[in-house]
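What follows draws every value from the coordinates through simple rules; no lab data is involved. All figures in this text were calculated on a predicted structure; none of them were measured in a lab. With ideal geometry, Cβ positions are generated from the backbone for all residues, glycine too; neighbour counts draw on all protein chains shown.
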Amino acid sequence: MDRAPDEPAKTRPAFARWLGTTNDVTRTFLAAGQIPDLINLAGGLPAPEVYPAAEIAEIARQVIARHPADTLGYGPIEGLPELRDAVAERYSSGTLKLSRANVLITTSGIQGLDVIGKVLLEEGGVIACQCPTYLGALDSWRSRMPAYRKLRLDSNDCDPHSLFAGAQFAYTVPNFSNPTGKLVGMAMRETLVDAAHRTGTWLLEDDPYGGLHYDSESLPHLIELSALRNPGAPYGGPVLHVRTLSKEVAPGLRIGWVIAAPEMIAALTLAKQGSDMCTSGITQRIALEALKGGLIEKIQPGVVALYRSRRDALCAAMAEHLASDFDWEIPSGGMFVWATARDSLLNTDILLKRGMEAGVCVTPSSVFDASGEDRRAIRINFTLNPPDRLREGVRRLATAVRALQANKS
Ligand code: PMP
């Protein structure tokens, strides 16, 4: 006992208000990896067997020996100059002219989202957001308690121009969105870029899955379409392009970048300063060697072939076991299938719990909805598990669906 019985209890300062806006569904599925024999179809995790471990170990040994100050010391907040140059060069074309001043190296994609929120959002600011939305993005901006306008990009009624007007920024994942796996088509890409230019609203293009195409051609990045308005001039437009090496190389590198107008990169650098001071020099040097030495191009065909076969295995199992209860489209890239329940009353928050009792975990749609109201769909990941586990996971999920439906009637 550290206080006398007559001494009044001290009240500790309360936690910030935004913490009360989080949900326990997220905590539940993040803890799922610890449960033995649970088949995790919930996370957005790459297959560990595709990580180029031997190559990265060798590069790491060499870069630490050759560049001890860069790899083991503090580095510039914006990132290693050579890596910024390599990123600028990788994206530059006759139309899109980039230099080091357009590039901020980040501690993976999520830090890009976080610092963008920090520089653009006052408390209660407005985000025009592709809906449903990547949960990590909602989490990144939660402490600013933003108001969301929903961009339903595949609905005929979606009017980006009016939704962008007055918003602090717009957010989209045009290539194989998380959670739906959908590709935003060319006409809508052009409309989004036009809306950003006309309304003066920043447009955030988050592109972690751009390299994971299984049976579709790549469409131009929004930043390339934006550069078409002033071709060949140093890029100063409203698009911020966020990319990561997490899905194509390995998430443990924690390397990503933001490409944007120099004034935006300068502001983001100030925000990053108070966040982590600088991204790890070891992994920046590894990323530089991976970009320069063609490691991404070398491993990509194997990664794409593996993930395509896993997508096919998942969709075949879903067709066998879930077709009477859910509708879905086969995604042409990315990591997820988005399945919507035919019964509008099926509550996928509850299905998550029943699924875990049956030994499988999927992500319910409520966590991808800023208002938490969408309870009718699930996101299923196909990259982490081999085909036999995917099939067994779907079989368990179908058992959980039947149990839920039986309890209702
Ligand atoms: N954006 C989207 C849409 C994602 O799905 C992810 C990873 N799940 C990220 C950003 C960030 O990933 P990382 O921080 O590993 O780069």
Equivalent ellipsoid, the stretch 291-350 (semi-axes from 5 times Cα gyration tensor eigenvalues, Å):
33, 13, 7
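If you place +1 on the Cβ of every Lys and Arg and -1 on the Cβ of every Asp and Glu, how big does the dipole about the Cα centre of the stretch 73-293 come out, in debye to the nearest 20?
Details: 20 positive and 23 negative charges, 48 e Å.
That gives the stretch 73-293 a dipole magnitude of about 240 debye.
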Normalised alpha carbon radius of gyration of the stretch 73-293 [divisor 2.2 N^0.38 Å]
0.95
Go from 0 up to the bin containing the longest alpha carbon distance in the chain, width 10 Å each, and give me the % of pairs per bin.
5, 21, 30, 26, 14, 4, 1, 0
For the chain, what does the helix formula give at 222 nm: sum of -39500 (n - 2.57) over DSSP H segments with n ≥ 4, over the residue count, nearest 500 deg cm²/dmol?
-12500 deg cm²/dmol
I'd like the distance between the alpha-carbon centres of the stretch 355-377 and the stretch 180-233, rounded to an integer number of Å.
28 Å
Cα-centre dipole for the chain with unit charges at Cβ (Lys and Arg positive, Asp and Glu negative), debye to 20
320 debye
Loop only per DSSP, at most 15 neighbouring Cβ atoms within 10 Å: give me the trypsin sites (Lys or Arg not before Pro) in the stretch 147-228, ordered by residue number.
Arg152
Which one of Ser344, Tyr307, Pro364 is farthest out on the positive end of the charge dipole of the stretch 287-366, using unit charges on Cβ (Lys, Arg +1; Asp, Glu -1) and the Cα centre as origin?
Tyr307
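State which stretch of the chain is the longest one without any exposed GluC sites (Glu not before Pro), exposure meaning a DSSP loop state and at most 11 other Cβ atoms within 10 Å. Walk me through the intermediate numbers first.
Details: sites that count: Glu122, Glu123, Glu217, Glu373.
Counting at most 11 other Cβ atoms within 10 Å as exposed, the longest clean stretch of the chain is 218-372.
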With point charges of +1 on the Cβ of Lys and Arg and -1 on the Cβ of Asp and Glu, referenced to the Cα centre of the chain, which listed residue (Ala69, Thr172, Asn407) lies farthest in the positive direction of the dipole?
Asn407
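Mind pulling up the Rg/Rh value for the stretch 131-200? Radius of gyration and Kirkwood radius, both on Cα. Mind showing how you got there, number by number?
Numbers: Rg = 12.1 Å, Rh = 12.8 Å.
Rg/Rh: 0.95.
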